[in-house]
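S.K.: Here it is: the structure, laid out below.
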Amino acid sequence: MARDQLHVLSALDAAKTQWYHFTAIVVAGMGFFTDAYDLFCISLVTKLLGRIYYHVDGAPKPGTLPPNISAAVNSVALCGTLLGQLFFGWLGDKLGRKRVYGMTLMLMVICSIASGLSFGKDPKSVITTLCFFRFWLGFGIGGDYPLSATIMSEYANKKTRGAFIAAVFAMQGFGILAGGLVATVVSFAFKTVFKASPYSIDPLGSTVPQADYVWRIILMVGALPAALTYYWRMKMPETARYTALVAKDAKQVAEDMSKVLQVEIVVEQEKLERLSQDKKRSFGLFSKEFVMRHGLHLLGTATTWFLVDVAYYSQNLFQKDIFSAIGWITPAQSMNALEEVYRIARAQLLIALCGTIPGYWFTVFLIDYIGRFVIQLMGFAFMTIFMFALAIPYDHWIKKENNIGFVVMYAFTFFFANFGPNSTTFVVPAEIFPARLRSTCHGISAAVGKAGAIVGAFGFLYAAQSQDRTKTDAGYPPGIGVKYSLIMLGVINFVGALFTLLVPESKGRSLEEISGETCGDDEKEAVETQRVQTDCSSRTLPLPVVETKDLQT
């Protein structure tokens with residue numbers, strides 16, 4: 001019924017897009033920009049770490065990280081992210097979104113800097129300290145997932161909420177792009193100043209001593225965007241939905257939203273107390289009531305996020321084939337250390353520009369028109385098609401004359417991951433659960449997804465090894481091969497499409513209506529609230545509970 005909806009929340013739902021919406025997108029989005037930069041920049045410098053710390057005199061190829069060391073360096077941040085999503089997601093519902101938001105950002109800043117200051121000169125010391133700080137960096141990044149999504153969903157109006165949350169997530173694309181750009185600029189500057197011969201000519205001299213600064217600078221730059229947004233995160237008021245529905249402080253929510261909406265909000269303490277006494281609105285995460293109402297929803301959001309991340313993070317299997325096909329990566333022994341970093345970073349720029357960023361922004365522009373469900377189902381369907389199209393005629397694609405077709409298919413797979421489940425699995429969990437459990441449930445879904453990322457990035461790295469022991473990468477046992485790995489990924493995407501059927505559509509509905517925290521949504525009152533906010537001038541117009549006036553008068 002309409003009386004069950006707080007009018008301040010109706011005003012938020014009906015509000016036109018205003019400056020505070022864009023401020024929230026930028027502040028939350030810069031966190032995701034930093035997250036993506038920090039998580040993905042490590043792949044740009046792992047080969048350099050191998051050359052510096054694992055050089056073997058007389059070896060025909062440059063030094064590389066042993067498989068166990070490579071797995072640790074690349075996965076430790078993902079492990080930290082998984083735990084951070086669970087912990088900070090829970091904490092965001094207990095202490096408030098804003099209070100925890102600052103903690104995660106400071107952790108990211110400190111650990112970004114510290115990861116570039118890894119102590120010692122011998123390989124064991126450097127790798128140990130690097131892994132230690134990157135674990136805690138990932139822990140902070142993990143907190144950003146549930147908090148950024150929840151804050152944006154609770155600030156947004158219901159008409160454009162999907163686009164706003166997706167825009168925050170889309171900043172990941174720019175973070176990946178920035179990682180490639182920074183690595184390109186730094187490596188180019190160093191290789192221009194410090195000349196070196198290729199490994200095949202001078203194995204030891206191909207890695208200049210100054211190369212040790214390159215990977216440290218690239219990792220430490222990740223602290224900069226996070227530090228720049230700390231002040232603005234602390235200036236953001238707590239979300240109205242947390243303050244009203246969880247903290248139950250009607251006076252504070254009226255004060256905060258009066259500033260945000262530029263209208264005067266009358267305190268609704270009596271209605272808030274009446275709502276808080278309803279036991280149907282107080283069930284916990286492990287209650288029978290939650291399982292009945294939201295159990296299948298949580299299963300749907302968690303499994304689809306897991307499955308898409310298995311597929312999404314496994315796509316690094318193809319990158320060496322892609323980069324070789326377009327001629328940007330030559331054999332390691334034909335380059336010096338800094339040239340290799342430069343070429344890898346330049347290739348990542350290409351992938352980000354052509355496959356990653358466009359898909360994100362297609363989602364932003366279309367999600368509130370065609371809906372989350374359609375985009376996610378379509379994305380899984382097209383990823384399935386393209387995976388099978390790559391796998392079944394795999395012997396055709398690996399021929400040199402067909403490399404361009406392979407590149408195009410690969411780009412489309414990335415495009416439909418981002419214009420599809422990679423974006424929607426972030427958006428939907430921030431909308432469909434009650435306010436008191438929203439951050440926790442988003443954190444659970446994200447953590448299960450990150451487990452999928454670990455499986456995709458490392459499980460398939462072993463699985464995709466050639467069945468012929470003589471053709472496997474150094475240190476790896478034989479696997480099932482790339483072709484059969486692609487078939488498995490196609491099946492995984494198909495299963496993801498099936499689990500999407502468990503996820504409800506949330507387009508155009510208020511958060512309280514979706515989660516069942518109100519019995520209905522009074523559209524007439526929402527329209528009237530919006531009309532009064534838009535049309536009022538210097539006079540104060542009475543509403544049943546909310547009074548508005550032009551505060552600038």
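The values are calculated or read from the model by the stated rules, or taken from the named source; none is laboratory data. Just so it is clear, the model here is predicted, and its values are computed rather than measured. Ideal geometry is used to build each Cβ from the backbone, glycine not excepted, and the neighbour counts take in all protein chains shown. Surface accessibility is based on the protein's heavy atoms, side chains included, excluding ligands, DNA and RNA. Shrake-Rupley method; radii C 1.70, N 1.55, O 1.52, S 1.80 Å.
S.K.: All but one of (1) closer than 30 Å to HIS294 by Cα; (2) out of contact with any Lys or Arg (no Cβ under 9 Å at 6 or more places or on another chain); (3) in a helix (DSSP H, G or I) hold for PRO429; state the number of the condition that does not hold.
M.R.: Against the list (1) closer than 30 Å to HIS294 by Cα; (2) out of contact with any Lys or Arg (no Cβ under 9 Å at 6 or more places or on another chain); (3) in a helix (DSSP H, G or I), PRO429 comes up short only on (2).
S.K.: Go through ILE351, ILE375, ILE322, ILE344 for me and flag whichever is part of a helix (DSSP H, G or I), among the β-branched types (Val, Ile, Thr), at pLDDT 95 or above and surrounded by 17 or more Cβ atoms within 10 Å (Cβ to Cβ).
M.R.: ILE375
S.K.: A further question on this structure: What are the pairs, 6+ residues apart or on separate chains, where a residue within the range 464-492 that is in contact (Cβ under 8 Å) with a residue 60 or more places away in the chain has its Cβ under 8 Å from a residue that is in a loop (DSSP other than H, G, I, E, B) and hydroxyl-bearing (Ser, Thr, Tyr)?
M.R.: ALA474/THR64
Residue by residue, here is whether (1) closer than 25 Å to HIS21 by Cβ; (2) within 19 Å of the chain's Cα centre (by Cα) holds:
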| residue | (1), (2) |
| --- | --- |
| LYS94 | no, no |
| TYR101 | yes, yes |
| ILE113 | no, no |
| LEU117 | no, no |
| PHE135 | no, yes |
| PRO146 | yes, yes |
| ILE151 | yes, yes |
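S.K.: Considering only residues of the range 432-449 that are open to solvent by 10 Å² or more (accessible area, probe 1.4 Å) and either assigned to a helix (DSSP H, G or I) or not aliphatic (A, V, I, L, M) (or both), which is nearest to LEU511 (Cα to Cα)?
M.R.: Of everything passing the filter in the range 432-449, ARG436 is nearest to LEU511 (Cα to Cα).
S.K.: In the range 53-85, what residues are touching a Gly at 6+ places or on another chain (Cβ under 8 Å) and of a type in the set (A, V, I, L, M)?
M.R.: Selection gives VAL56, LEU65, VAL76, ALA77, LEU78, LEU82, LEU83.
S.K.: Now for a separate question. For the list (1) free of Cβ contacts under 8 Å to residues at least 12 places away in the same chain; (2) of a type in the set (S, T, N, Q); (3) not in a helix (DSSP H, G or I), I need the number of the one condition that ASN157 fails.
M.R.: Unmet for ASN157, out of (1) free of Cβ contacts under 8 Å to residues at least 12 places away in the same chain; (2) of a type in the set (S, T, N, Q); (3) not in a helix (DSSP H, G or I): (1).
S.K.: Now for a separate question. Taking the stated definitions as given, is THR104 touching a helix residue (DSSP H, G or I) at 6+ places or on another chain (Cβ under 9 Å), assigned to a helix (DSSP H, G or I) and farther than 15 Å from ALA226 by Cβ?
M.R.: Considered against the rule, which asks whether it is touching a helix residue (DSSP H, G or I) at 6+ places or on another chain (Cβ under 9 Å), assigned to a helix (DSSP H, G or I) and farther than 15 Å from ALA226 by Cβ, THR104 comes out as no.
S.K.: Quick one: LEU9 ticks every box in (1) under 25 Å from VAL427 (Cα atoms); (2) open to solvent by 20 Å² or more (accessible area, probe 1.4 Å) except a single one, so which number is it?
M.R.: Status for LEU9: all satisfied but (2).
S.K.: Which of the residues belonging to the range 179-195 are open to solvent by 30 Å² or more (accessible area, probe 1.4 Å) and assigned to a helix (DSSP H, G or I)?
M.R.: Answer for the range 179-195, where residues must be open to solvent by 30 Å² or more (accessible area, probe 1.4 Å) and assigned to a helix (DSSP H, G or I): LEU181, VAL182, VAL185, PHE188, ALA189, PHE190, LYS191, THR192, VAL193.
S.K.: Can I ask one more? Please tell me if VAL532 is at pLDDT below 95, buried (at least 18 other Cβ atoms within 10 Å of the Cβ), touching a strand residue (DSSP E or B) at 6+ places or on another chain (Cβ under 8 Å) and in a helix (DSSP H, G or I).
M.R.: When the stated conditions are applied, VAL532 passes them.
S.K.: Let me spell it out: the conditions are (1) at pLDDT 95 or above; (2) over 26 Å from ALA163 (Cα atoms), and GLY449 meets all of them except one. Which number is the exception?
M.R.: (2)
S.K.: Here's a follow-up. Would it be correct to say that LEU39 is under 30 Å from ALA211 (Cα atoms), out of contact with any Phe, Trp or Tyr (no Cβ under 9 Å at 6 or more places or on another chain), aliphatic (A, V, I, L, M) and in contact (Cβ under 8 Å) with a residue 60 or more places away in the chain?
M.R.: Yes: the conditions hold for LEU39.
S.K.: Among the listed residues GLY452, GLY456, GLY508, identify the single one that is touching a residue at least 40 places away in the same chain (Cβ under 8 Å) and open to solvent by 30 Å² or more (accessible area, probe 1.4 Å).
M.R.: Only one candidate passes the filter, namely GLY508.
S.K.: Please enumerate the residues belonging to the range 343-380 that are in contact (Cβ under 8 Å) with a residue 60 or more places away in the chain, among the basic types (Lys, Arg) and within 30 Å of LEU181 (Cβ to Cβ).
M.R.: Passing the criteria: only ARG346.
S.K.: Could you say which residue among PHE40, PHE119 is modelled with pLDDT under 90 and surrounded by fewer than 18 Cβ atoms within 10 Å (Cβ to Cβ)?
M.R.: After ruling out the rest, the residue left standing is PHE119.
S.K.: Further, regarding this structure: If you scan the range 129-166, which residues turn out to be open to solvent by 10 Å² or more (accessible area, probe 1.4 Å) and small (Gly, Ala, Ser)?
M.R.: Within the range 129-166, ALA163 is the sole residue that qualifies.
S.K.: Hey, could you check the range 231-244 for residues that are among the hydrophobic types (A, V, I, L, M, F, W, C) and surrounded by fewer than 16 Cβ atoms within 10 Å (Cβ to Cβ) and say which is farthest from ARG99 (Cα to Cα)?
M.R.: The extreme case among them is TRP232.
S.K.: Can you tell me which of (1) open to solvent by 20 Å² or more (accessible area, probe 1.4 Å); (2) at pLDDT 90 or above; (3) in a helix (DSSP H, G or I); (4) more than 18 Å from ILE165 (Cα to Cα) is the one MET383 doesn't meet?
M.R.: All conditions are met except number (1).
S.K.: Got a sec? Which of TYR394, TYR410 is open to solvent by less than 10 Å² (accessible area, probe 1.4 Å) and modelled with pLDDT under 85?
M.R.: Sole residue among the options that is open to solvent by less than 10 Å² (accessible area, probe 1.4 Å) and modelled with pLDDT under 85: TYR410.
S.K.: Among the residues of the range 86-105, are any surrounded by fewer than 20 Cβ atoms within 10 Å (Cβ to Cβ) and either touching a strand residue (DSSP E or B) at 6+ places or on another chain (Cβ under 6 Å) or of a type in the set (Ser, Thr, Tyr) (or both)?
M.R.: Checking the range 86-105: not a single residue is surrounded by fewer than 20 Cβ atoms within 10 Å (Cβ to Cβ) and either touching a strand residue (DSSP E or B) at 6+ places or on another chain (Cβ under 6 Å) or of a type in the set (Ser, Thr, Tyr) (or both).
S.K.: Which residue, of ASP395, ASP473, is of a type in the set (Asp, Glu) and not in a helix (DSSP H, G or I)?
M.R.: Of ASP395, ASP473, the one residue that is of a type in the set (Asp, Glu) and not in a helix (DSSP H, G or I) is ASP473.
Residues checked against (1) open to solvent by 20 Å² or more (accessible area, probe 1.4 Å); (2) under 20 Å from the mean Cα position of the chain (by Cα); (3) over 30 Å from SER10 (Cα atoms); (4) at pLDDT 90 or above:
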{"position": "MET171", "(1), (2), (3), (4)": "yes, yes, no, yes"}
{"position": "LEU177", "(1), (2), (3), (4)": "yes, yes, yes, yes"}
{"position": "SER197", "(1), (2), (3), (4)": "yes, no, yes, yes"}
{"position": "TYR213", "(1), (2), (3), (4)": "yes, no, yes, yes"}
{"position": "ARG216", "(1), (2), (3), (4)": "yes, no, yes, yes"}
{"position": "ALA226", "(1), (2), (3), (4)": "no, yes, yes, no"}
{"position": "VAL246", "(1), (2), (3), (4)": "yes, no, no, no"}
{"position": "ALA250", "(1), (2), (3), (4)": "no, no, no, no"}
{"position": "ALA254", "(1), (2), (3), (4)": "no, no, no, no"}
